[in-house]
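The values are calculated or read from the model by the stated rules, or taken from the named source; none is laboratory data. For clarity, every value in this text was computed on a predicted model and none was experimentally measured. Heads up, the Cβs are rebuilt from the backbone with ideal geometry, glycines too, and the neighbour counts pull from every protein chain shown. Heavy atoms of the whole protein, side chains included, go into the accessibility calculation; ligands, DNA and RNA do not. Shrake-Rupley method; radii C 1.70, N 1.55, O 1.52, S 1.80 Å.
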Amino acid sequence: MGASAIDRLAAARSALAAAERATGLVRAPSSLPPSSGTTRPAGGLELVGSAVVEAPAARSRLVRAVLDSCPDGGWAAFVGVADIGWEWAHQEGLDLDRVLVVAVPEHVGAALVCSLCLDAVDVLCVGRAALSREEQRRLAARARARGRRIITERPWPGVSRPLATLLREAV
């Protein structure tokens, strides 16, 4: 007899994952170890805890949160974020060669764009993208599972934690 539906599904998922890695759409699982949930930046602050962090609207704090969350040589994506001031961000230390800036087209859901970015980057910064609470919860779970961090410009009720509560002085 033929393989069961579960076996066929597992084989299809495995083939898809191999194709994505071969084409560079996603990293091989071993190329990016999951985060321990703690990032110690050079600025003397320790960012701990939640996979989803709500940063203040001030661009300086938003960029600082991305810098503090991104490992050396890591990648960041900005989805639906406007008016960053890229020259200033670069002067602050953001490596623009390792930044993706994505505008969400009307015919594509923001959740899909964010989900794809989480497979490719270490830090996802989400601006005013329209996401339902269910989509926010799914993205948070995906970020936790992959050891990634999401930084949002506005609260995700029940999911995000304010940046101020996740900062503490480094010892």
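General remarks:
- Under 5 Å from the amide H of ILE150 lie the amide H atoms of VAL52, VAL53, LEU124, each residue being 5 or more positions distant or on a separate chain, with H modelled from the backbone and absent for Pro and chain starts.
- Sum of side-chain charges, PRO155 neighbourhood, beta-carbon under 14 Å (Lys, Arg +1; Asp, Glu -1): +3
- Of all accessible heavy-atom area on segment 52-167, the percent that carbon and sulfur account for (1.4 Å): 51
- Using a probe of 1.4 Å on the protein chains alone, the accessible area found for GLU134 is around 80 Å².
- Projected label points at LEU16 and ARG154, each 7 Å from Cα along the beta carbon direction, are separated by 3.1 nanometres.
- Packing rank of 3-10, 83-90, where each peptide gets the mean count of other beta carbons within 10 Å, highest leading: 83-90, 3-10
- 20 Å cut-off, amide nitrogen to a point 7 angstrom out along ARG161 Cα→Cβ, residues in segment 124-151: 124-126, 136-151
- Nearest-0.05 FRET efficiency for VAL108 and LEU9, computed from C-beta distance (R0 35 Å): 0.85
- The mean accessible area for residues of segment 52-167, using a 1.4 Å probe and ignoring ligands and nucleic acids, is 49 Å² per residue.
- Shape of segment 81-171 from the C-alpha gyration tensor: oblate (a/c of 1.5 or more and a/b not above b/c, with a ≥ b ≥ c the square roots of its eigenvalues).
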